[in-house]
1. Could you list, in sequence order, all residues of region 1-27 that are in contact (Cβ under 8 Å) with a residue 40 or more places away in the chain and of a type in the set (Val, Ile, Thr)?
2. Identify, from the list Arg151, Arg159, the residue that is surrounded by 17 or more Cβ atoms within 10 Å (Cβ to Cβ), in contact (Cβ under 8 Å) with a residue 40 or more places away in the chain and out of contact with any helix residue (DSSP H, G or I) (no Cβ under 6 Å at 6 or more places or on another chain).
3. Tell me, yes or no, whether region 103-123 has at least one residue that is in contact with an Asp or Glu (Cβ under 7 Å, 6 or more places away or on another chain) and among the aliphatic types (A, V, I, L, M).
4. Regarding Leu116, is this residue hydrophobic (A, V, I, L, M, F, W, C), at pLDDT below 90 and open to solvent by 30 Å² or more (accessible area, probe 1.4 Å)?
5. Looking at (1) modelled with pLDDT of 90 or more; (2) on the phi > 0 side of the Ramachandran plot, which is the one condition that is false for Gly269?
6. Output the residue which, of all residues in region 64-81 that are touching a strand residue (DSSP E or B) at 6+ places or on another chain (Cβ under 8 Å) and not hydrophobic (A, V, I, L, M, F, W, C), is nearest to Arg159 (Cα to Cα).
7. Out of Leu224, Leu246, Leu240, Leu214, I need the residue that is at pLDDT 70 or above and open to solvent by 80 Å² or more (accessible area, probe 1.4 Å). Which one?
8. Which of (1) open to solvent by 20 Å² or more (accessible area, probe 1.4 Å); (2) among the polar types (S, T, N, Q); (3) under 30 Å from Pro102 (Cβ atoms); (4) at pLDDT 90 or above does Asn206 not meet, given it meets every other one?
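The values are calculated or read from the model by the stated rules, or taken from the named source; none is laboratory data. Every value quoted in this text rests on a predicted model; they were computed, and no experiment measured them. Cβ sites come from the backbone with ideal geometry, for glycine too, and all protein chains shown count toward neighbours. Surface areas here come from the heavy atoms of the whole protein model, side chains and all, with no ligands, DNA or RNA. Shrake-Rupley method; radii C 1.70, N 1.55, O 1.52, S 1.80 Å.
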Amino acid sequence: DRIFDEKRRDQVVALLKAGAPASASESRRDSKETAPHLLDLTTLQREGNRRFGFSARATLSAAQSLYEQHKLITYPRTDSRALPEDYREKVAEALTFLTGMPEYQEHAERLQADGLDNTDRNFNDAAVSDHFAIIPTGGGTTEGLRPQEKRIFDLVVRRFLAAFHPPAVSTEVERVTILETEQFRTRRKVLKIPGWRAVWEKTTANARPELPELPNVDGTDVSLLEHELLEKQTRPPARLTEAGILGLMETAGKEIDDDHAAQVLKETG
């Protein structure tokens, strides 16, 4: 944890410099992370801003062009993140279309061979409003796409493929090292089975790097090899980005003290 008291800091540093023997215990568990939902417009705009710095308007313009001009995606002005239950054949057509594109072929063929996961969630009439989630149509042409359109199309395709993939499985390691009166905690999360992340994180600028496996030292004596003291200043929260504002719009009313106003906002978004 952070230390705000100089005297307390000096005590910890002195203990580390002494190099006394230590003992370590740790726990390990596998955790599953379910694939994300299909895209609605707000989520697409948020991802476009977070990954590429696109404004909400620019993302909508690119998506509208992909729908109207290039016939590559379904109607983008939607607040639904599910498909009608009778849309399975259209999904199969989209997968066949994507097998003809080298960047998506491997993932589409995997779904064709292994079958679709999360079908109860992704095919759900009750979760569909006037329009359904944004997915590739299974037709159209990618020739002549502008750079913004290519990126938005790639987002739609990868989210579509990811939504039908199995969970990602990670090994979570938590180690507590005891050095005299002090306890030092180390946490690490190592991706074990990529699952849906194999397709979705290709577009993520800050994708989690592969980390080497930590050796198991549970119940053993350990030695301190090195330590580093970092002195920093706390910072106020950063200004809101468009992605942040879109996220607040989706949870409107959450931060409001007035119960009635909060409920009204929650229902209207």
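1. Val12, Val13
2. Values: Arg151 fails: out of contact with any helix residue (DSSP H, G or I) (no Cβ under 6 Å at 6 or more places or on another chain).
Going through Arg151, Arg159 in turn, the sole match is Arg159.
3. Here is the first cut: in region 103-123, the ones in contact with an Asp or Glu (Cβ under 7 Å, 6 or more places away or on another chain) are 123.
This time we only want the ones that are among the aliphatic types (A, V, I, L, M), so: none.
No, that holds for no residue.
4. Numbers: hydrophobic (A, V, I, L, M, F, W, C): yes; at pLDDT below 90: no; open to solvent by 30 Å² or more (accessible area, probe 1.4 Å): yes.
No, not satisfied.
5. Only one criterion in (1) modelled with pLDDT of 90 or more; (2) on the phi > 0 side of the Ramachandran plot is unmet by Gly269, namely (1).
6. Kept after step one, since they are touching a strand residue (DSSP E or B) at 6+ places or on another chain (Cβ under 8 Å), are these residues of region 64-81: 66-67, 72-76, 78, 81.
Within this subset, residues satisfying the condition of being not hydrophobic (A, V, I, L, M, F, W, C) are 67, 74-76, 78, 81.
Numbers: Tyr67: 17, Thr74: 14, Tyr75: 16, Pro76: 14, Thr78: 15, Arg81: 11 Å.
Looking at the filtered set, the residue picked out is Arg81.
7. On the way: Leu224 fails: open to solvent by 80 Å² or more (accessible area, probe 1.4 Å); Leu246 fails: open to solvent by 80 Å² or more (accessible area, probe 1.4 Å); Leu214 fails: open to solvent by 80 Å² or more (accessible area, probe 1.4 Å).
Every option except Leu240 fails the conditions.
8. Tallying (1) open to solvent by 20 Å² or more (accessible area, probe 1.4 Å); (2) among the polar types (S, T, N, Q); (3) under 30 Å from Pro102 (Cβ atoms); (4) at pLDDT 90 or above, Asn206 fails exactly one: (4).
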